[in-house]
Each structure stands twice: as C-alpha cells, then as structure tokens.
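Undergrad: Handing you a structure now.
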Amino acid sequence: MRRVLIILLSLTAIAADWPQWRGQNRDGVSSETGLLKSWPASGPAVLWKIAGLGQGFSSLAIANGRVYTQGQRGDRQHVIAFDAKSGKKLWETPTGLAFHESAGNGPRGTPTIDGDRLYAMAADGLLVCLDTATGKLLWSQNVVQKYGGSILKWGFSESPLVNGDRLIVAPGGPAASIVSLNKFNGDLQWKTGNEKASYASAIAANVGGVRQILALTGDALLGIKDDNGELLWRYTKVSSDTISISTPLYHDGHVFVSTAYSAGCALLKLEPRSMSEVYFNRDMRNHYSTSVLVDGYLYGYSESILTAMEFKTGKVAWKSRSVGKGSLIYADGRLYLLGEAGVMGLVEATPRMYEEISRFEVSIGPRPGWLPFWSLPTISDGKLYLRIQDLLICYDIKAR
C-alpha cells in the first residue's frame, strides 16, 4: 500500500509539471482539472508578482517546484530559476551575448527540463546544458559556429527537443539543417538536410513502428528517422518566405502544421517512410502561436482571428476576434487566451460557437514603449503564469 501511495503521489507531481515548450507533450494541452470555471472582472487572485527577468519573449518551463525561463540584461542573456511557491530567485546563469532587434531584445526559446538537466537555446545560437538544482554549466556549444548556420533575423527561437538520449536542435547549416546530439555531452550523433533554419521547435512521433522527428524548417516540413537522420519525406506547401514559427501537431497517424502570410495549413497522413496530403487550405494561418487540438477540433489564431477548425477535414466551425491576436493553451475544458495587447480570456473549447466565459486586462503598471505579450501562458499545479518581458505574474486558478 505504501509503495502504491508513493507511486500515486509521484504521478500527481509529474502531472502538475509543464517541463518544456507547450507542456508535457508539446501540444499546448494541460492535464490539470479542478480549475476555476470563471474569473472575476479583475482576474484571478495574484499569488505573487516579481520583476527582474530581463528582456525577452521566452516562455516558462516548470518542474519539481521550480520555474525556469530566459532573459537578457546588459550584455548577456541568462537562464533563470525561481521557486514556484514564492517567486524567489534561486539561481541565474549567463549564456549567450546580448541580442538586439527592433521587435524586441533578448532570448526567445523556452528551456527544456529533462530530469536534473536543463537545455536552452539563446537567441544567438548558444546551446547550453545546465544542472537544474544549481544552474551549473555542464556543457555548451554555439550551433551557428559549429554547424555553419547563421543567426536568424529575429534570433534563434526554438526549444530543444529531448528524444530519449538524443537532443534535437535545428542550426540550419549546410548538411546540418537538423542535428541530433548526445544529451549528456553534446557530441554529434547525426546531421541532415540543407534547409535554412526557422523559428519552430520540433516534435517526435512513432509512426507505424518508426520513430520520426517532425521539424518545420524555413523551407519545408520534414520527416526524419530519429536513429540515423535519414530524410523520409519533405513537404513544402506550408513553408513561409517570411517566417515559420508554429510547432507541428501530431495525432492519430497525422501531422498538422500551419504558417502565416502567404502560406496556410496542411494535414498530412503519415506512413513509416512516406506521407500524403489530406488537405491544404488558408483558413488557419498560425503566425507566432500554435493551435491546440481538443476532441477532434483545432483552435488557433489564423493571423489575428481565433478560429475553430475540424482536424480531419479542415472545415471551419467558427471565427472570432476574441481578445485580439494572441496565443493559447488548453486546460480543463477551456481555452486560455492571451491577447498580445494584454487581455486574458477564458473560452469554452467547443466547435458549436465562440463562447467566452471571462476576461481581464493584465495589470503590469507603466512601461516604457510597447512590446507585445508574446510569451505563451503556462499552467502548473493550479496556477496560471504569465511572463511579460521583465515581469512574471502567478495567479491562483485552483477551484476551492
């Protein structure tokens, strides 16, 4: 009985974590339940609010009672760890050199937590592996210098993918569009492709007994055999000449991917060594955010319009301007929307119609200039976390 209890407690702790970009499965879906069904007009209660993260659009990784992100101050980028209960800073480790861009300075990628190790990509291409408890640097390498890529206009934005003992990143260099590294020491295992880099993060999927890396580059969506880097297939319709950011979404033998501007979205049926197009349309064009899949329907931003679309057919169920252009995640039957102007919304995840339950304006006080709220909201252990540049806010959304 005691052993069973320990296992159950362990599983509960794991379920509360959000250890990487877009959560446990990189799909933007939280398994948490028992959350508030609505919010007061002023928003949920604030448990704590802290400043000092620095510049940047990095979202949050949360595991084992710690919150991890990246920020920039002065001439360096940093990975930072905080206590999830109090917001107290636990450690800070310098990484890449400062990155400056007119759309906003600092790091973009979200750290990835794997046991007692953290992996993060700075905007200038410096990849680091840190000890989660202390922030001690275990190994690092600059993927631009090592694999011959170039720093993207808006900086490297991917979140490294842990795939068993492999670490998958996308330098975009000659014959090194995608590389697999030994996650323990950074040694190269394989490299493949001549695609230019994008701003997207890869996922892994098992397709008919073949494990594939699904990676959106600046030129195409790729299916890559995970053990040797063999290119299995390549799909180009969703590549955007301007920007490719969204994360591929895999479900039931199919992968969905979407990009903005002149591109669109596609659903591909995957086989162990090939793919076929189910549909392509321009009704879902994810810009800087990625759709979520709930009960057979996709919910995401087509440019600035929140859109519900049937996954299998690409048929649009409804559209709404909602809280304005933004990003979203899903938990406990509802969509959590963060508009880039700072309005947070709670919406029913239903294809019937747009049903808004609550909204509030995120209060951050005066700030010089205007930078959009582009960091993805995060839910862990009954708390909603919002990162807005230098500021981190933790809200209590647990139903009592």
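Every read-out reported here was derived from the displayed coordinates using simple, explicitly stated rules and does not represent laboratory data. Bear in mind that the values here come from a model prediction, so they are computed numbers and not experimental data. Cβ: placed from backbone, ideal geometry, glycine included. Neighbour counts: every protein chain shown.
Undergrad: How do TYR297, TYR68 line up, fewest other C-beta atoms within 10 Å first?
TA: TYR297, TYR68
Undergrad: Could you tell me the relative contact order of the chain? Use alpha-carbon pairs under 8 Å, at least six residues apart, and round to a whole percent.
TA: Result for the chain is 14 percent.
Undergrad: Roughly how many debye, to the nearest 20, is the charge dipole of the stretch 110-159 about its Cα centre, given +1 on each Lys and Arg Cβ, -1 on each Asp and Glu Cβ, and no other charges?
TA: Here the stretch 110-159 has a charge dipole of around 160 debye.
Undergrad: Something else: Sorted from fewest to most neighbouring beta carbons within 10 Å, what does the list PHE280, PHE156, PHE373 look like?
TA: Fewest-to-most Cβ neighbours within 10 Å comes out as PHE280, PHE373, PHE156.
Undergrad: If you take the charge dipole of the chain about its Cα centre, with +1 on Lys and Arg Cβ and -1 on Asp and Glu Cβ, which of ALA220, LEU376, TYR250 is farthest toward its positive end?
TA: Comparing the listed Cα positions along the dipole, LEU376 ranks first.
Undergrad: Neighbour counts of other C-beta atoms within 10 Å: give me TYR301, TYR330 arranged from fewest to most.
TA: Taking fewest neighbouring Cβ atoms as first place, the list is TYR330, TYR301.
Undergrad: Enumerate the lysines that LYS89 could reach by cross-link, defined here as Cα to Cα under 22 Å, with residues fewer than 8 away along the same chain left out.
TA: LYS89 reaches LYS49, LYS136, LYS383.
Undergrad: Related question: Spin-label point model (7 Å from Cα, Cβ direction): what's the LYS153 to PHE184 distance in nm?
TA: 4.2
Undergrad: Of LEU270, VAL169, ILE329, which is farthest towards the positive pole of the chain's charge dipole, taken about the Cα centre with +1 and -1 on the beta-carbons of Lys, Arg and Asp, Glu respectively?
TA: ILE329
Undergrad: Less than 13 Å Cβ to Cβ from LEU47, Lys/Arg counted +1 and Asp/Glu -1: what total charge do the surrounding residues give?
TA: Once positives and negatives cancel, what remains is +2.
Undergrad: Placing +1 at every Lys and Arg Cβ and -1 at every Asp and Glu Cβ, with all other atoms neutral, what dipole size does the stretch 199-285 have around its Cα centre, in debye to the nearest 20?
TA: 100
Undergrad: Here is a follow-up. Please state the charge dipole magnitude for the chain, taken about the Cα centre, from unit charges on C-beta atoms (+1 on K and R, -1 on D and E), reported in debye and rounded to the nearest 20.
TA: 420
Undergrad: Sticking with this one: Label GLU303 and ASN281 with points 7 Å out from Cα along Cα→Cβ: what is the distance between them in nm?
TA: According to this spin-label approximation, the distance is 1.7 nm.
Undergrad: Can you give the percent of C-alpha pairs in the chain whose distance is more than 38 Å?
TA: Result: 14 percent of Cα pairs exceed 38 Å.
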